[in-house]
1. Over 10 Å intervals from 0, what percent of Cα-Cα pairs in segment 141-192 sits in each interval?
2. Please turn the phi angles of segment 35-52 into ³J(HN,Hα) values with the Karplus equation 6.51 cos²θ - 1.76 cosθ + 1.60 (θ = phi - 60°), one per residue in order, whole Hz, x for glycine and proline.
3. Using the beta-carbon distance between M150 and A88 and R0 = 30 Å, what value does 1/(1 + (r/R0)^6) give for FRET efficiency, to the nearest 0.05?
4. Using 1/(1 + (r/R0)^6) with R0 = 35 angstrom and r between the beta carbons of R123 and A166, what's the FRET efficiency to the nearest 0.05?
5. If you stretched the chain out fully between K14 and Q40, how much longer would it get, using 0.36 nm times the residue separation minus the C-alpha to C-alpha distance?
6. What do you get for the angle between helix 165-190 and the principal long axis of the chain? Use alpha-carbon atoms, 0 to 90 degrees, nearest ten.
7. Distance from the Cα centre of segment 12-79 to that of segment 106-120, in angstrom?
8. Work out how much length A181 to A24 would gain on full extension: take 0.36 nm times their residue separation and subtract the Cα-Cα distance, in nm to one decimal.
Amino acid sequence: MTDRPNATSVPTAKPAAGFLRGAALAVLGTLVLVASAKVQVPFYPVPMTLQTLAVLTLGAVFGARLAAATVALYLGEGLVGLPVFAGAAAGPAYLIGPTGGYLVGFLLAAALVGWLAERGWTRGWPLALAAMTLGHLVIFAAGLAWLAPMLGAAKAWAVGVVPFFAATVVKTLLAAALALAVRRVGARGSVG
């Protein structure tokens, strides 16, 4: 008789614990996204919210897969009618409305910023700022591409991009600062 486990042994609980941790973080992330959606300046047709700040920070902190899964879960919550978006609207009609492209952009930007963070882009200011800028560009490109057929390219630019310039600069700086701060806290916590 040996002390080695046989091939029919039950696997350790580590994969399950990792899944539960990821699921808990994704739910927590959706709560952050909901809160960021409710902090808004009511522009039309696209409100100004803190969502891009939340999306980019989640990408930097969670990495590509978990950040994309978190945003997908958030979009799914809205799709089924939970009041997670800016204002009180939800459901499929909201997703195909004027903000639909921005919402798709959130998913793409979370994955991109997460992918860049996994490759070291949140280790210092220049690359962190570049990652957050690229994330914002993806969000605005998707939003503009969605709005342009509805409103025309010039009007889509005027109402879907221009009013957000100043706030985007601030949110880009904040997202980079948050990503760097979380990285530093995590690095201190892992020493020991």
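No value in this document is a laboratory result; all are computed from the given coordinates. Here the structure is a predicted model, which means the values were calculated and not measured. When we count neighbours, we look across all protein chains shown, and the Cβ atoms used for this are built from the backbone with ideal geometry, even at glycine.
1. Calculated over all Cα pairs of segment 141-192, the distribution is 23, 28, 21, 16, 10, 2 percent.
2. 4, 5, 6, 7, 8, 8, 10, x, 7, 10, x, 10, x, 8, 10, 9, 4, 5
3. Working: r = 22 Å, r/R0 = 0.72.
E(calc), rounded to 0.05, equals 0.90.
4. Values: r = 28 Å, r/R0 = 0.79.
Calculated transfer efficiency: 0.80.
5. Details: separation 26, 0.36 × 26 = 9.36 nm, distance 4.04 nm.
My answer for the length gained is 5.3 nm.
6. Relative to the chain, helix 165-190 is tipped by roughly 10 degrees.
7. About 13 Å separates the Cα centre of segment 12-79 from the one of segment 106-120.
8. Values: separation 157, 0.36 × 157 = 56.52 nm, distance 2.16 nm.
Length gained between A181 and A24: 54.4 nm.
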